[in-house]
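What follows is one structure encoded as structure tokens, with my remarks underneath.
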Amino acid sequence: MIDMQGIYKTYPNGVTALNGLDVHIEQGEFVYVVGPSGAGKSTFIRLMFREEKPTKGSIMVNSTNLNKVKERKIPNFRRNIGVVYQDFRLLPKLSVYENVAFALEVIEESPKNIKRRVMDVLDQVRLKNKARFIPDELSGGEQQRVSIARAIVNHPQLLIADEPTGNLDPDTSWEIMQILEEINATGTTVVMATHSKEIVNTIRKRVIAIEDGQIARDEKRGDYGYEA
Ligand code: ADP
Ligand code: ADP
């Protein structure tokens, strides 16, 4: 589902973030991406949904060859990928319901189907009873659950999470992890960058460690491997 070969990324300012990286991720895997700050984790993740382009190397995601994809096809490509950020990135003036419905770019869908889909996904993240609230009225953990709902409302094959628990306390972080595991159990590939030693060492999954823009470790049931 994700295949990267010989990936290099040098930003316009001359900083090389990725320095020769090969990765293969199968449909349905759950992968943690770990490593020191500045190692290249975010860059690695941003390549997967074409937020960045590599300077060199080939990338296939969901059978789309990102070296060849036409600009006009990128929105369609991204519809199959959900993204969750550390800082939630919700629209502050819209309700929970509207934040999630907004992401449903299904012009041909009836309002009835959209409503059903939004309420299903809010149920999945245990927020059906807060559909009318605005983000400011929610706790951090609830806001992150809205952002997860928004990310999966299109049934993406791939869910990318860039430090999803980075702003949350430990109890709330475990709730978020439970939801991510439930999403993964339905067959969605999950790629999660994290600095949480506790999470990585407790919920064992594949661990890809990036250091200085290269794969330092890639272990099937790995550990965090750094001091927290
Ligand atoms: P990590 O997520 O592991 O902290 P990043 O991928 O964010 O690593 O960054 C890797 C390197 O690339 C760092 O030196 C960082 O400063 C640099 N970098 C990241 N994004 C940009 C950018 N948009 N422009 C220039 N340099 C960048
Ligand atoms: P009810 O019929 O009791 O409102 P629903 O399951 O239809 O229950 O909706 C649950 C929540 O979702 C309610 O808070 C409702 O305001 C909100 N909601 C439903 N549809 C929409 C919509 N189209 N736009 C905004 N909020 C909606």
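The values are calculated or read from the model by the stated rules, or taken from the named source; none is laboratory data. Keep in mind it's a predicted model, so treat the numbers as computed, not measured. Ideal geometry is used to build each Cβ from the backbone, glycine not excepted, and the neighbour counts take in all protein chains shown. We work out accessible area using only protein heavy atoms, side chains counted, and drop any ligands, DNA or RNA first. Shrake-Rupley method; radii C 1.70, N 1.55, O 1.52, S 1.80 Å.
Worth a mention:
- FRET efficiency, Glu108 to Asn62 (Cβ-Cβ, R0 22 Å, nearest 0.05): 0.55
- Summary value for the stretch 89-134: 57 percent relative contact order, contacts being C-alpha pairs under 8 angstrom separated by 6+ residues.
- For the stretch 42-91, a crude dipole built from +1 on the beta carbon of Lys and Arg and -1 on the beta carbon of Asp and Glu, taken about the Cα centre, is about 280 debye to the nearest 20.
- Taking every C-alpha pair closer than 8 Å and separated by at least 6 residues, the mean separation divided by the residue count of the chain gives a relative contact order of 28 percent.
- The stretch 1-87 shape via C-alpha gyration tensor axes, a/c threshold 1.5: rounded
- Shape call, the stretch 74-180: gyration tensor on alpha carbons, a/c limit 1.5: oblate
- Each Cα pair under 8 Å and six or more residues apart adds its sequence gap; the mean of these over the residue count of the stretch 66-185 is a relative contact order of 40 percent.
- Only lysines eight or more places from Lys9 in sequence, or on another chain, were considered; those with a Cα closer than 23 Å are Lys41, Lys53, Lys56, Lys68, Lys70, Lys73.
- Cβ-placed point charges (K, R +1; D, E -1), dipole of the chain about Cα centre in debye, nearest 20: 880
- Spacing of the two label points (7 Å from each Cα toward its C-beta) at Glu98 and Asn13, in nm: 3.6
- In Hz, Karplus ³J(HN,Hα) per residue of the stretch 194-205 (6.51, -1.76, 1.60; θ = phi - 60°; x = Gly, Pro): 8, 10, 8, 4, 4, 5, 4, 7, 9, 9, 6, 9
- The residues of the stretch 96-228 have, on average, 49 Å² of accessible surface per residue, using a 1.4 Å probe with all protein chains present.
- Per-residue ellipticity at 222 nm from helix content only, as computed over the chain with -39500 (n - 2.57) for each DSSP H run of at least four residues, stands at -9000 deg cm²/dmol.
- A dipole drawn for the stretch 49-122 from +1 and -1 charges on Cβ atoms has a positive end, and of Val83, Asn62, Ile114 the residue lying farthest that way is Asn62.
- Close amide H contacts of Arg217 (hydrogens built in the peptide plane, cut-off under 5 Å, sequence separation of 5 or more or a different chain): Ala209.
- Straight-line cross-link reach from Lys130 at under 23 Å between alpha-carbon atoms covers these lysines, not counting any fewer than eight positions away in the same chain: Lys93, Lys112, Lys115.
- Computed from the C-beta positions of Arg221 and Met119 and an R0 of 35 Å, the FRET efficiency is 0.45 to the nearest 0.05.
- Rough spin-label spacing in nm, given labels placed 7 Å along Cα→Cβ, for Glu51 and Ile134: 2.6
- Each part gets one Cα centre, and for the stretch 198-226 versus the stretch 5-39 those centres are 13 Å apart.
- Three-way shape label, the chain, alpha-carbon gyration tensor, a/c 1.5: oblate
- Database remark: amide H of Lys205 closer than 5 angstrom to the amide H of Gly222 (H placed geometrically; neighbours at sequence offset of 5 or more, or on other chains; Pro and chain starts carry no H).
- Accessible surface of the stretch 47-120, 1.4 Å probe, proportion on carbon and sulfur as whole %: 52
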